[in-house]
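Colleague: Here it is: the structure, laid out below.
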């Protein structure tokens, strides 16, 4: 059982508590950090953890064996480096960083400290995505030639903290909220990205926006791809890999559709899992040395590098080499 | 009952015969034209039509009230103009033309002659696509913001006449075979196209090719879109329209999936129809003045204009304004 | 907000707590009753309710406005009558009773006391079943001629309290666990039952049994029906109503399939709801006089009468008139 | 290539012609027999076969290597025996016979003559049913405990020859039209039947009837089962086998749904096949000694024996031992 500190007790930090506290036999939160300590007090009491208002206090707490960051994006790099310097394993919510240089700095600090590093792109743990990667890796699809994706989640009108609407914290329309998950899925299947060409189309700016993302990919491997996202559309997730022997499509959290030559189609439905609990327990495995975290430091950097390129391409309306 | 001539008795011309001859109460073929008249003789006998080797003979046949062209793409324009000059309604297989100027010349000739004009993008008549257009037109999806499509059909290895592999007759990889249907669907939903940005990625050239198409759209309306196609992948058709009240997805010939706010999903399956028979009977309706052909001359030109832009964008690897 | 007492804190009683406590704005549990008071203490502390070991104490608690029974089946009737005599509304878990005479006694006591009565056949509240009843009531299926059902839930190997395995408490194989829900569904659609013919086939008796139920129905309306259940099979729920204009099939908790003349099929998926929370809030509505409980006293008696007939038919292997 | 005679050129005989003539490389019809020879003449010309009005003429035709019977049910036995005596392999449309004694007489005659025997319950060849039997035989479902089926096909209003409405030729409501296919499926999976208990419920007699069939089974193996059928309901076919490790459900012609422990569900869709062509080619295989016909003589008799019992049970409203 890993005793962890949870830094940031906002919307997503609470999701960590709900998923793991009292439910996981691998990790529990013994220390929480919030800037708004009065507001967080009932939460700390209900979940039985020590509350403070500073990362340093959590690092100084001798019980704390690992740190989970659920803080605004722009704070991630400095916090990861600080936790690494303190010699404690660190799990960071997505997006890990907004710039490749930051991601590299974090990864280097963790490597130097010899600590486990996790990142919270939890859709990696969806049964549909686990199965999709398994099918692709099996070779059953033949030569892989195209990957397509889409993620809409009807979240445009949800009330978030102000920082989530700031262009500095959350550039690229829905890229930090939804697109990052597709990007992580694309890198997990296609490997490093060579070039992106991205467009952000805004039909109505401001709160509850109406906008769309379209991103075209060329991977270093020669594979090409595209994903789209519309924040305001009803929930829909699809990652579809096309080969010359078959195609495999992850739909939502739990379904994979396999199409093969001759017209045979197979739909596989898997029981739902709690993907936040799964990522925290995978992190616990990494902390205890049982298994490396499923997203490698190289993949983490590849994702952030492509992310940075996408934001730049949206701004310039031109292809960007990664 | 319309007495028609069928020009071209190759793979697709035979599909017209199979679909309509002896089955339609609206149209029958009384005259067929083939360059390879000896080879076509048994076909003519089995289906009971007069055989000749020249369009002019068909036009001179006094029984012939309308002409159906199933000839190589590059012949379409001159043949349409010639049929129009002869004052007979004309139905032309897709692609109608490869250049906007040709399409405009054909449309003008038909307008001048006052004759009905049909085009054979038969996927327009799939029950899934009829329903998708109905749902979009109903306004149920709210503000439309994105359209995505894909068509793979495992046809890369089929044996076709040599002209179907020629880059002049069939530019843009699978564009004349599969992409044209998606393009027609996109124009039917999004209206005229303002800009395209297209890529053709060839993994293995030659016969039974391994290649992919990816095309990004900006429509005059502000809507954006993307479609992909992989000739060698198992059959899969999808056209998905995303709005802020709902999304609607045509899957294959007979299914539409509707997703609406709050997580409700509806799958509608329709009985299959013979889309080739349906387009010929819609043409018969137009010839007899019962209803205009569902694809207007303006849409026909819009599709060809975008097609020409896509081929140019593939060659230059740059966006092309239409 | 209704302050309720929860009588019985076993497996299913805990499900009530999980579903409603702190989540419902309509009902909360302020008093719990358990025979094993020491074991229940931590539960009472965690959920903040007063604990006692006797129904009378709960009835004497002046805060208690309504009573929820999650006790062994054979205790239901006496407890309902006692609660009714105390003038408090009562909600009773299924099966409401094992004999028609008992059900009638309970219903009469509630009527005499003028109190609201609820029963916990929670599958009534599944979105699939709500939609199925809506479709049937709309007349869209034409003349209704047959109803079929199946419920398997892979629960044969679960560890329950001993009384759940007793033939007196739980007669008819899976009838009290799974069959009762189908029976409730059948009565809700077909009305009172005229005759049942039931078979219980036991392939392996004892704990984790291998057995099947098959029940044939003739309803008073002339409708006929059948349902089956296999405790050990993977989870599967189906209620299918066949008419001469269409058929409608509820599958699982959230899906309805509609088939209509000519081959059109429609699949409707609804968001999941917490059916235990839903039934408790429907009971709260009945307590407050906002709406009658969706299962009427007459339906409650009709279900128990048919249940008693099914058990008798299983024993005699003969049809039984209800 | 087997040269066959087709006896009976009504609705179903024509389906044989459409399925096989000019399409099969294994069997062609060189001789047709019809009582209404003038009406059948155009058919004979179009399909290029010799026409006569008597089975004896077909048997005397030296080209005829095998005989296919598509005649009224009550003629089957005498015709099969006669063909067998002539030493020619025989394929008989379903129902093979209406009485066990007749089936036994036919089977004995074929055995004595040493000829191949086929029966036309073509749903055996549906990809869904082939896969269902494969899954059951694999043992993947564990201990098999229940089989359920349903077949409605919206055919109640179709115009058939008068003999199809006669209670002598077509007893048991839809049993000869739809129920016989379910019965064949049940015997193919469950083996010989020990007892049936069947009800025919008639809501509206006469042409375009409104009636339902419900049949309960006990197989010699201890397995139990039920199937239902409603002639007037929209098309729906289901055969569902329940075991303690999983359940497998054939839906329609091309789909199988597999449910396994823990909530995993798999849907397999297969390309459609022409089941009439398939059964004729399987018969051709049997004639040429390549493979025995997939429905053994013992199974043929088991099906007819259960059929006879079902009709008797419907008449007596009592269980009937087979």
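Colleague: Tell me the relative contact order for the stretch C:1-133 as a rounded percent, counting alpha carbon contacts under 8 Å between residues six or more apart.
Modeller: So the answer I get is 21 percent.
Colleague: Turning to a different aspect of this structure: Rank D:84, D:116, D:44 by mean-square fluctuation in a GNM of chain D with C-alpha springs under 10 angstrom and give only the top-ranked residue.
Modeller: With Cα springs under 10 Å in chain D, the top fluctuation among D:84, D:116, D:44 is at D:44.
Colleague: Shortest first and in nm to one decimal, what separations exist between residue B:261 and its copies in the other chains, measuring from label points 7 Å along the Cα-to-beta-carbon line?
Modeller: Distances to the matching label points in the other copies: 3.7, 4.5, 4.8 nm.
Colleague: How tilted is helix C:11-20 with respect to the longest principal axis of chain C? Cα atoms for both, answer in degrees (0 to 90, nearest 10).
Modeller: Once rounded, the angle reads 80 degrees.
Colleague: Taking each label point as 7 Å beyond Cα in the direction of the beta carbon, state the distances from residue C:312 to the same residue in the other copies, shortest first, in nm.
Modeller: Here the equivalent label points are 3.0, 8.3, 8.6 nm apart from this one.
Colleague: Antiparallel versus total DSSP beta bridges in the protein assembly as shown: what percent is that, nearest 5?
Modeller: Around 65 percent antiparallel, to the nearest 5.
Colleague: Mind checking the full-extension length gain between residue D:166 and residue D:298? Use 0.36 nm per residue of separation minus the Cα-Cα distance, one decimal, nm.
Modeller: Value of the extension gain: 44.7 nm.
Colleague: Ranked highest first by the average count of other Cβ atoms within 10 Å around their residues, in what order do B:179-188, B:272-281, B:291-300 fall? If you can, show how the numbers build up before the last one.
Modeller: On the way: B:179-188: 25.1, B:272-281: 19.3, B:291-300: 17.4.
Put in order of decreasing packing, that is B:179-188, B:272-281, B:291-300.
Colleague: Right, another one. Using the Kirkwood radius over Cα pairs, work out the Stokes-Einstein diffusion coefficient for the stretch C:231-320 at 4 °C and 1.567 mPa s, in µm²/s as a whole number.
Modeller: For the chosen part, D equals 77 µm²/s.
Colleague: Kirkwood hydrodynamic radius of the stretch C:1-148 from all distinct Cα pairs, in Å?
Modeller: Result for the stretch C:1-148 stands at 16.6 Å.
Colleague: Need one number: % antiparallel among DSSP beta bridges in chain D, to the nearest 5.
Modeller: On the way: 43 of 68 bridges.
Antiparallel bridges: around 65 percent, rounded to the nearest 5.
Colleague: Along the three principal axes, how long is the stretch D:13-76 when you take its alpha carbons, biggest first, rounded to the nearest angstrom?
Modeller: Principal-axis extents of the Cα atoms in the stretch D:13-76, largest first: 30, 24, 24 Å.
Colleague: When each pair of different Cα atoms in the stretch A:75-153 is counted once in the 1/r mean, what is the Kirkwood radius in angstroms, to one decimal?
Modeller: It works out to 14.8 Å.
Colleague: Separate question: For residue A:46, place a label point 7 Å out from Cα along the Cα→Cβ vector, do the same in each other copy, and report the separations in nm, one decimal, smallest first.
Modeller: Result for residue A:46, in nm, nearest copy first: 1.5, 7.4, 7.4.
Colleague: Sticking with this structure for a sec: Can you give the angle from 0 to 90° between the axis of helix A:100-113 and the longest principal axis of chain A, with both taken from C-alpha atoms, to the nearest 10?
Modeller: It works out to around 50 degrees.
Colleague: To make sure I understand, if each residue's beta carbon is the centre and we count other beta carbons within 10 Å, what order do A:18, A:254 fall in, fewest to most?
Modeller: Fewest to most other Cβ atoms nearby, the residues stand as A:18, A:254.
Colleague: With the calculation restricted to Cα positions, what are the radius of gyration and Dmax of the stretch C:124-242 in angstrom?
Modeller: Calculated on Cα positions, Rg and Dmax stand at 15.1, 47 Å.
Colleague: Quick check: residue separation of residue A:25 and residue A:138 times 0.36 nm, minus the Cα distance between them. What number comes out in nm?
Modeller: Extra length from residue A:25 to residue A:138 when fully extended: 37.5 nm.
Colleague: Enter the mean number of other protein chain beta carbons within 10 Å of the beta carbon of each residue in B:188-201, as an integer. Don't jump to the answer; show the numbers that get you there.
Modeller: Details: counts 0, 0, 0, 0, 0, 0, 0, 0, 0, 5, 0, 5, 1, 6.
The per-residue average across the peptide is 1.
Colleague: Within 10 Å of each Cβ of A:239-250, how many other protein chain Cβ atoms are there on average?
Modeller: Taking the mean over all residues of the peptide, I get 4.
Colleague: Given R₀ = 30 Å, what would the calculated FRET efficiency be for residue C:45 paired with residue D:264, taking r from the Cβ atoms and rounding to 0.05?
Modeller: That gives a FRET efficiency of 0.20.
Colleague: Specify, for chain B, the residue whose C-beta is closest to the rotation axis mapping it onto chain A, with the distance given in whole Å.
Modeller: Spelled out as residue then distance in Å, it is B:226, 3.
Colleague: Within 10 Å of each Cβ in peptide A:204-212, how many partner chain Cβ atoms are there on average? Round it to a whole number, please.
Modeller: 2
Colleague: Explain nothing, just the number: relative contact order of chain B, from Cα pairs under 8 Å at least 6 residues apart, as a whole percent.
Modeller: Taking the mean separation of contacting Cα pairs over the length of chain B, I get 20 percent.
Colleague: When only alpha-carbon atoms are used, what values of Rg and Dmax, in angstrom, describe chain D?
Modeller: Here Rg and the maximum Cα pair distance are 19.6, 63 Å.
Colleague: While we're on this one: Could you tell me the distance between the Cα centroids of the stretch C:198-242 and the stretch D:243-286, to the nearest Å?
Modeller: First find each Cα centre; the distance between them is then 24 Å.
Colleague: Additional query: For helix B:76-85, report the angle its Cα long axis makes with the longest principal axis of the Cα atoms of chain B; keep it between 0 and 90° and round to the nearest 10°.
Modeller: Taking the Cα atoms of chain B, the angle to B:76-85 is about 60 degrees.
Colleague: Same structure again: Write down the radius of gyration of the protein assembly as shown and its Dmax, each obtained from C-alpha positions, in Å.
Modeller: Every Cα atom of the protein assembly as shown included, Rg and Dmax give 34.8, 103 Å.
Colleague: Follow-up. Going by average Cβ density within 10 Å per residue, which order do the peptides D:137-145, B:69-77 take, highest to lowest? Show your work: numbers first, answer last.
Modeller: Numbers: D:137-145: 16.6, B:69-77: 20.6.
Highest-to-lowest ranking by the protection proxy: B:69-77, D:137-145.
Colleague: While we're on this one: Tell me what chain B gives for mean residue ellipticity at 222 nm when only DSSP H runs of n ≥ 4 count, each as -39,500 (n - 2.57), the sum divided by the residue total, rounded to 500 deg cm²/dmol. Mind dumping the intermediate values first?
Modeller: Working: 9 runs with 108 residues, N = 322.
Helices in chain B give a 222 nm mean residue ellipticity of -10500 deg cm²/dmol.
Colleague: Separate question: Given bins 10 angstrom wide, list per bin the percent of all Cα-Cα distances in the stretch B:169-218, short to long.
Modeller: Taking every Cα pair in the stretch B:169-218, the percentages come to 23, 52, 21, 4.
Where a number appears in this text, it was derived from the coordinates with a stated rule and is not lab data. Being a predicted model, the structure only gives us computed values, none of them experimental. Positions of Cβ are backbone-derived with ideal geometry, glycine not excepted, and every protein chain shown enters the neighbour counts.
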